[in-house]
Amino acid sequence: MRLSLFLLSGSIALASAAPVFAHHGWGGNVDEVTAMTGMVTEGVKLAGPHGTMRIKTTDGKVWDITLAPPFRTSSAGLKQDTIPLGAMVTVHGQRNRDPNRYEMKTIQVEYAGRHYTVYPEFADKVR
Amino acid sequence: MGWLEGSALGHLMRDNGVWFYGIVNLTHILGVATLFGAVVILDLRLLGMWADVPLAGISRPTQRMAAAGFCVAAVSGAGLLATKATEYIGNPFLYIKIPAIGLALLNVALVHFTPAWRAHRRRELSPYEKRQLAAMGGTSLLFWLTSIGAGRMIGYW
């Protein structure tokens, strides 16, 4: 009884101390939040498990921008027609751990002076 | 893949609101569950479980449910893939899954060609015929499990 209580309280403590990035999609990304600016080459798509878009940075690399799930991205004000192709955007997020995969899990998208924070709970990580 | 993504199906998947993909995904899971739920019962029967239950009594409902589940899974699966088909280029799990489905379907066709399967509703099968169908049932389980396993892993690549 005492042991099971101990195990129970231990697992509750562990669960509450677990990293905030508990969603499966964040495991493969670095913890550090960085920003990058680029031109939208493929507009926002709100279908699939996560919203997505593609941007091309000044060094010519095309990045897969992974957004929040469609409903949350849309709720943050970012719809499929919000940002036109060719627009310049700045994204804040966490790059893929694999340096050869140009993919960023995105917390916030900046476009035309507006901030679309698709993961408001992580907004404090954006500087 | 580019063709699939640009197809009418791709547009249907992307332009119908933020919950559409999720609902199609749910449909896919229900289709796969119906398919595999039926397949596992038939295959285990072929492998010798519930030997006191006549094979003909199991084969009829399981075949129909498996076929219905497969159709639902195939149509919804094509939609899921078409949503952003180009993203899956180079995904090794997709390249395992699709051939595994092909082999599983080929196995279905082969089973139907065997004299044992054609006769199983009319007469008792010989021990050789039972072994033959058991082997094919095991093969079926292997291919479907490979397909479902690889399919589940696509999103984690």
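Let me spell out the model: positive unit charges on the Cβ of Lys and Arg, negative unit charges on the Cβ of Asp and Glu, origin at the Cα centre of the stretch A:22-125. What dipole size does that give, in debye rounded to 20? It would help to have the intermediate numbers written out before the result.
Numbers: 12 positive and 11 negative charges, 37 e Å.
In total the dipole reaches around 180 debye.
Classify the stretch A:22-125 as rounded, prolate or oblate, taking a ≥ b ≥ c as the square roots of the eigenvalues of its Cα gyration tensor: rounded when a/c is under 1.5, otherwise prolate if a/b is larger than b/c and oblate if not.
Values: a/c = 1.41, a/b = 1.06, b/c = 1.33.
Rounded, since a/c falls under 1.5.
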**Prompt:** What average number of partner chain Cβ atoms lie no more than 10 Å from the Cβ of the residues making up A:69-75?
**Reply:** 3
**Asked** From the Cα gyration tensor of the protein assembly as shown, with a ≥ b ≥ c the square roots of its eigenvalues, which class applies: rounded if a/c is under 1.5, or else prolate if a/b is larger than b/c, or else oblate?
**Response** prolate
**Complete:** The residues A:92, B:120, sorted from fewest to most surrounding Cβ atoms within 10 Å, come out as B:120, A:92
**Message:** Order these by the 10 Å Cβ neighbour count, fewest first: A:107, B:98.
**Reply:** B:98, A:107
**Prompt:** Calculated FRET efficiency, residue B:16 and residue A:59, Cβ-Cβ r, R0 41 Å, to nearest 0.05?
**Reply:** 0.65
**Prompt:** How well do other chains shield peptide A:43-51, expressed as the mean number of their Cβ atoms within 10 Å of each residue Cβ?
**Reply:** 6
**Message:** Taking 18 Å as the cut-off for C-alpha to C-alpha distance, list the pairs among A:61/A:125; A:105/A:125; A:45/A:105; A:45/B:97; A:56/A:125; B:97/B:130 that go past it.
**Reply:** A:61/A:125; A:45/B:97; A:56/A:125; B:97/B:130
**Request:** With a Förster radius of 45 Å, plug the Cβ-Cβ distance of residue A:75 and residue B:112 into 1/(1 + (r/R0)^6) and report the FRET value to the nearest 0.05.
**Result:** 0.35
**Message:** I need B:14, B:118 ordered by Cβ neighbour count within 10 Å, fewest first.
**Reply:** B:118, B:14
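Each reported figure results from applying straightforward, stated rules to the coordinates on display, with no laboratory input. Just so we're clear, the structure is a prediction, and the values are computed from it rather than from any experiment. Using ideal geometry, Cβ is built from the backbone for each residue, glycine included, and neighbour counts are taken over all protein chains shown.
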